[in-house]
Amino acid sequence: MRRILSTALCLALLGAACGSDQPVRATSGTTTGGATSAELDAVEVSGDPGEKPTLTFDQPLDVEETVSRVVTEGDGETIATNSVISFHYLFVNGRDGSEIGSSFESDPAQLVFEDSLMAGIYQGLDGVKSGSRVLVAIAPGDGGAADEANGLKDTDTVLFFAEVLDVRVPLARAEGTVVAPVDGLPAVELADDGAPTITVPGGEPPAELVVQPLIEGTGAAVMSGQSITVHYTGALWADGTVFDSSWESGAPATFEIGTGAVIPGWDEGLIGQTIGSQILLVVPPAKGYPEGSPDGSISATDTIVFVVDILDAT
């Protein structure tokens, strides 16, 4: 599904370029938990919750290990693996105090908390409670690559401030009432953990978008503009080849629905479905990739099949 995104969460140029179609990924660096830093303790954070803070500190600020400090502790849900978190962020270069990026002027960022995140962000947010404000000094080995446009060098320590607004624990898989299979549509068999195997029937694919619930969940209906968290598998109708799967990557994906951030077949097929549902989508080329996918795995004439577990919406 990462390839289906036309836009993605931009975490201020650390590990992912703004507007790229790739999530923030870990670098080769490692982090050490439980460390303290006099340099980080000396950083003054001013500003009220909900407002972009001002970070005042002696420059340059350098740390050899990523360290964090809870500025204000919340009392909400604790961030853990596969939590869906909503937060505002600010990134500042520790070398000269220049701002690298901020979400405070726009909507909060949302992501699924998983260990494939940039190492410094993963350590800084791990175990933090909703409602908290946290400051992290990200060591060079745990941050993103150098970015000449923003003056970020690969030797720079980066200050990462996060105000955690919400932490949600999504379902692990679809849950609800099983719907009887429909003749002529792909067959779906589920593994013990819920991962689907898709068997495509012979013959020509449907000319129009097919939206077929396989499991009907009892949660709230998905609305346009929400961020939804899903597990999914995508396959080609032509030969059943799986071209993308969150089950294989080991973590669900979160993205906006109804805003053009995904292919039209997803926007049309998932809005109105309920949390907990599993939906079979048969997507004709016009509502999938009418010009083919960027990586070449899907041609301009391919009908594609998805099985989507709707785990959460916020």
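The values are calculated or read from the model by the stated rules, or taken from the named source; none is laboratory data. The shown structure was predicted, so the numbers you read here are calculated from the model rather than taken from an experiment. In this analysis, Cβ positions are derived from the backbone assuming ideal geometry, glycine residues included, and neighbour counts consider all displayed protein chains.
General observations
- Top-ranked residue of region 260-314 - restricted to ones that are more than 23 Å from Val169 (Cβ to Cβ) and among the charged types (D, E, K, R), ranked as modelled with the lowest pLDDT: Asp295
- Of the strands (runs of 3 or more DSSP E) that lie entirely inside region 53-146, those containing 1 or more residues that are polar (S, T, N, Q) and closer than 24 Å to Ala251 by Cα span 84-93, 109-112.
- Matching residues, region 159-174, being outside any strand (DSSP E or B) and touching a strand residue (DSSP E or B) at 6+ places or on another chain (Cβ under 7 Å): Pro170, Leu171, Arg173, Ala174
- Taking residues in region 80-100 that are under 12 Å from Asn150 (Cα atoms), and partners anywhere that are among the acidic types (Asp, Glu) and surrounded by fewer than 21 Cβ atoms within 10 Å (Cβ to Cβ), the pairs with Cβ atoms closer than 7 Å and at least 6 places apart or on different chains are Val92/Glu99.
- Pairs with Cβ under 7 Å, 6+ apart, first in region 172-193 and in contact (Cβ under 8 Å) with a residue 40 or more places away in the chain, second of a type in the set (A, V, I, L, M, F, W, C) and part of a loop (DSSP other than H, G, I, E, B): Pro186/Val200
- Elements of type strands (runs of 3 or more DSSP E) contained in region 200-314, each with 1 or more residues being β-branched (Val, Ile, Thr), crowded, with 23+ Cβ neighbours inside 10 Å and touching a Phe, Trp or Tyr at 6+ places or on another chain (Cβ under 8 Å): 227-236, 278-283, 304-313
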